[in-house]
Each structure stands twice: as C-alpha cells, then as structure tokens.
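Inspection log for the structure reproduced underneath, given as structure tokens.
The values are calculated or read from the model by the stated rules, or taken from the named source; none is laboratory data. All values reported here derive from a predicted model rather than from experimental measurement. Counting neighbours? That spans all protein chains shown, and the Cβs are built from the backbone with ideal geometry, glycine included.
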Amino acid sequence: MNQPALQMPLHDALLALHRARAPEDVVITSMGAAREWMALGAGPLDLPLVPSSMGTAPSIGLGLALAQPGRRVIVVNGDGATLMHLGALVSITAAAPANLTLIVQDNGVYEVTGAQPTPGAARARADGSSVDFIGMARACGFRSIFRFSDAGQWAREVDRILATEGPNFVLLDVSPVPGAVGPRSPGPAAARARDLHRALSREASRD
Amino acid sequence: MFSGRAIAELFAAMGITHVVTIADSTIGAWHPAIEASPDLQLVRVCREGEAWAVAAGLYLGGATPLVLIQCTGLFESGDSLRNILHDWRMPIFAVIGYRSYLNQSTLPGDTCLVFTEPVLDAWNLDYRLITSSAQLSEIREHYDACRLAGKPGVALVAEGKA
C-alpha cells in the first residue's frame, strides 16, 4: 500500500474524538496524541501516557477494559508505537473486550524524534509500499475495522464507531506535524496513577 | 515443584483477580488450574513487555493483577517494567520462573543463572527466592509484605529442566 493521498491533521482527528467521547470513557493517549490531547483538555479519567514505554498504550488499554467491562476504553496510538508491540493486537483479540477501541494514527514517521520514517512507511521499504495496518487488524481478529483519511468523514462517524461492540480497530491517516516535539509530563506520574486508580475504583464501586 | 492446583489456590487466597502470563514449561503446566479457578482470570499476552502494561491497566481499573513469566521474559521486558513499576510506581507483583535453577541437564551453563538475580537487583525489585516446595507460603508472605509497603515485588521460583 502507498501512503494515502489524503491525510487529516492530527489536531482535527483528535478534536472529533474529544467531542464524541463521553465523560465516563477512559481515553489513553501516547506520544504526539498525548501532546495534542492534553492541549484539548484531558478529563479526570484520561491517561496521557507520559512518560511512557513506547508501544505499551494498547496493552494498558486492554487491562483497563478487562477491569472495567462496563466502561468504554479508547486508546490512541501512533503507527510507530503500534509496530513496536504488534503482538498486542493479538493479545487484545484473544481477550476480546467488547468495550475497547484502538485508534492508530498513521503518519508514517517517528514524529517527535524528527520525523524519521518507520520501517512500515512506504519510503523506508524496499518495495515502496507501506505496511497494511488494516490487513493486520483483520488477520489478528478485530471484530470491527475502520479507516478514515478525511477529518470530516471521521467526525461524522466517530459516535457510531465508539458505540460499536468491540474490540474495534480504527486507522486514521494523519499528516505529520512539522517540528513537533514530544509531550511534556503534566505532573508526577505516580500521583496521576494513584488518582486515576482511586477515581476508577470509586466509579466501579458505584456500578 | 508446585502443582497448578496449589498455585491457583495460592493466587486466589492472595486475592489476585487476573494472572497476566506467557507460558514456559513450568508455568504453562499451571495454566489449566489457573484457568479453571472461578476466582482467577488468565490473560495471555504475546511478549512479556505487554504483561507489565496489561497488569498496569488492570491495576488502574481496580483489579488485582499478577504477572507470571519466565526470567527470560524479565530480560525482554525491562523498559516496560521500568515505566510501570518505577515511573508510575504501580505496585504490581510478579511470579518469575528461574530457568535451570534446579536442573541444567537441558541447558548446561544456562546464563539465566548468571543474570537473573543481578537484573532483579538492577531494577530495584524486592525478590524472594523460592527453591523448595516447602516455601509455597513464602510467596504469599512476600506478596503481603510488598502490598503493605505499597511497592512491587517478585517471587523468583526455581525451575527444573528447561
């Protein structure tokens, strides 16, 4: 597959999700998505994964979805991060939590380190074709698979997709952000983990 | 050294809800009993770096996970455990199989014996070495102590032939 002709701005992609998510949803973001999500305003049940071990956001989402089956868990992960832990796609579909949606924003580069191409990007590959994330998701057994290159169409469909029984896989073709930097930690990670743990435990006890 | 049933009963008594795991020849023999336990949910992952992260999500969501992997998986998963256990300070407990500790006939000179304990020390993980079946209760004692202290911990369980 070649890079799609149309790519949506990352900001627009996340703005549509920001408007569609419910307050009780958990949204996990990493790297560039975490930076943009925090700028839009992260909710008290969100987890901007900063600092991170790159590629682990979908696995954290899997654990959260299993622990809180009555709550929607949405993970926004980069293409490079997804390639780091491809096995996570299989682990997710093995457990198959119906409340998990994995969104992969594909810009073909490691954006925050200077936009070097990933090994999955067309321009870094001997055959000039990018890897097929949709095909991977299908082969791994995701129940519902979606792809969007146009921000308007994504914005129109996002509510329906989040309401679809999962695990869901969404590929968003996004354009790299020129000169983008890594996300800055919004505060001590341990305190944020403790706060989220308490908030989710409190919410779970109300269910 | 331990039967699957003994391990499953132990984990259930510890209050564990989810066992996040990859099999080896010792741990894999425990899986059926863990899976059969009404108190435990077995969560299979493909690589050990995932295991710490899945456990982190379970913990954040109010569950009580345990990571069950071999020492080779400990070696593989360093950055993930660094992030989860040290950056985010989540008190995840792990039972880690110590390959070849009791028997090196399959892998003479297995370097797992050289590196496992220094690696645990390097990651500042409080571990208890379990080398005999009489020490089953020590796994729970160490778990309870770590839980009380709000810190991660490891029961390093000696294994036989690889």
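If A:S130 satisfies every condition in (1) in contact with a Pro (Cβ under 8 Å, 6 or more places away or on another chain); (2) outside any strand (DSSP E or B) but one, which is the exception?
(1)
Any residue in region A:17-33 that is within 10 Å of another protein chain (Cβ to nearest Cβ), among the hydroxyl-bearing types (S, T, Y) and surrounded by 24 or more Cβ atoms within 10 Å (Cβ to Cβ)?
Within region A:17-33, not a single residue is within 10 Å of another protein chain (Cβ to nearest Cβ), among the hydroxyl-bearing types (S, T, Y) and surrounded by 24 or more Cβ atoms within 10 Å (Cβ to Cβ).
Quick check on B:G28: is it assigned to a strand (DSSP E or B), more than 14 Å from every other protein chain (Cβ to nearest Cβ) and not polar (S, T, N, Q)?
no
Scan region A:147-165 and tell me whether some residue there is buried (at least 19 other Cβ atoms within 10 Å of the Cβ), touching a helix residue (DSSP H, G or I) at 6+ places or on another chain (Cβ under 9 Å) and at pLDDT below 95.
So far as region A:147-165 goes, no, none of its residues is buried (at least 19 other Cβ atoms within 10 Å of the Cβ), touching a helix residue (DSSP H, G or I) at 6+ places or on another chain (Cβ under 9 Å) and at pLDDT below 95.
I want to confirm something. Restricting to region A:55-70 and keeping residues that are farther than 14 Å from A:S91 by Cβ and crowded, with 20+ Cβ neighbours inside 10 Å, which single residue is nearest to the other protein chains (Cβ to nearest Cβ)?
A:A67
Please report, ordered by residue number, the strands (runs of 3 or more DSSP E) entirely within region B:93-162 with at least 1 residues that are modelled with pLDDT of 95 or more and either farther than 25 Å from B:A29 by Cβ or hydroxyl-bearing (S, T, Y) (or both).
Counting at least 1 such residues, we get B:93-98, B:127-130.
Is it the case that A:P119 is within 14 Å of chain B (Cβ to nearest Cβ) and assigned to a loop (DSSP other than H, G, I, E, B)?
In short, no.
Kindly evaluate B:R5 against the criterion of being among the basic types (K, R) and buried (at least 17 other Cβ atoms within 10 Å of the Cβ).
Considered against the rule, which asks whether it is among the basic types (K, R) and buried (at least 17 other Cβ atoms within 10 Å of the Cβ), B:R5 comes out as no.
Just checking, does region B:46-63 include any residue being among the charged types (D, E, K, R), within 7 Å of chain A (Cβ to nearest Cβ) and buried (at least 24 other Cβ atoms within 10 Å of the Cβ)?
Yes: one or more hits.
For A:G80, all conditions in the list (1) touching a strand residue (DSSP E or B) at 6+ places or on another chain (Cβ under 7 Å); (2) farther than 30 Å from B:A23 by Cα; (3) away from chain B (no Cβ under 14 Å) hold save one; what is the number of the exception?
(2)
Restricting attention to region B:99-109, report how many residues are over 20 Å from the mean Cα position of the chain (by Cα) and surrounded by 15 or more Cβ atoms within 10 Å (Cβ to Cβ).
1
May I ask you to list the residues in region A:176-191 that are out of contact with any Phe, Trp or Tyr (no Cβ under 6 Å at 6 or more places or on another chain) and surrounded by 19 or more Cβ atoms within 10 Å (Cβ to Cβ)?
Across region A:176-191, the qualifying residues are A:A180, A:P183.
For B:D39, are the conditions met, namely being closer than 21 Å to B:E141 by Cβ and surrounded by fewer than 18 Cβ atoms within 10 Å (Cβ to Cβ)?
Yes, satisfied.
Looking at region B:117-162, which of its residues are crowded, with 18+ Cβ neighbours inside 10 Å, hydrophobic (A, V, I, L, M, F, W, C) and farther than 28 Å from B:S105 by Cα?
Answer for region B:117-162, where residues must be crowded, with 18+ Cβ neighbours inside 10 Å, hydrophobic (A, V, I, L, M, F, W, C) and farther than 28 Å from B:S105 by Cα: B:L125, B:C146.
Taking region B:64-88 as the search range and keeping residues that are of a type in the set (S, T, N, Q) and more than 7 Å from chain A (Cβ to nearest Cβ), which one is farthest from B:T17 (Cα to Cα)?
So, considering only residues that are of a type in the set (S, T, N, Q) and more than 7 Å from chain A (Cβ to nearest Cβ), the one farthest from B:T17 (Cα to Cα) is B:T72.
Evaluate region A:84-95: report whether one residue or more is surrounded by fewer than 20 Cβ atoms within 10 Å (Cβ to Cβ), within 13 Å of another protein chain (Cβ to nearest Cβ) and in contact with a Gly (Cβ under 6 Å, 6 or more places away or on another chain).
Within region A:84-95, one or more residues are surrounded by fewer than 20 Cβ atoms within 10 Å (Cβ to Cβ), within 13 Å of another protein chain (Cβ to nearest Cβ) and in contact with a Gly (Cβ under 6 Å, 6 or more places away or on another chain).
Can you pull out every residue in region A:151-191 that is within 14 Å of chain B (Cβ to nearest Cβ), part of a helix (DSSP H, G or I) and in contact (Cβ under 8 Å) with a residue 24 or more places away in the chain?
Scanning region A:151-191 gives a single hit, A:A189.
Go over the candidates A:A137, A:A155, A:A163 one by one and state the one that is over 16 Å from the mean Cα position of the chain (by Cα) and of a type in the set (A, V, I, L, M, F, W, C).
It is A:A163.
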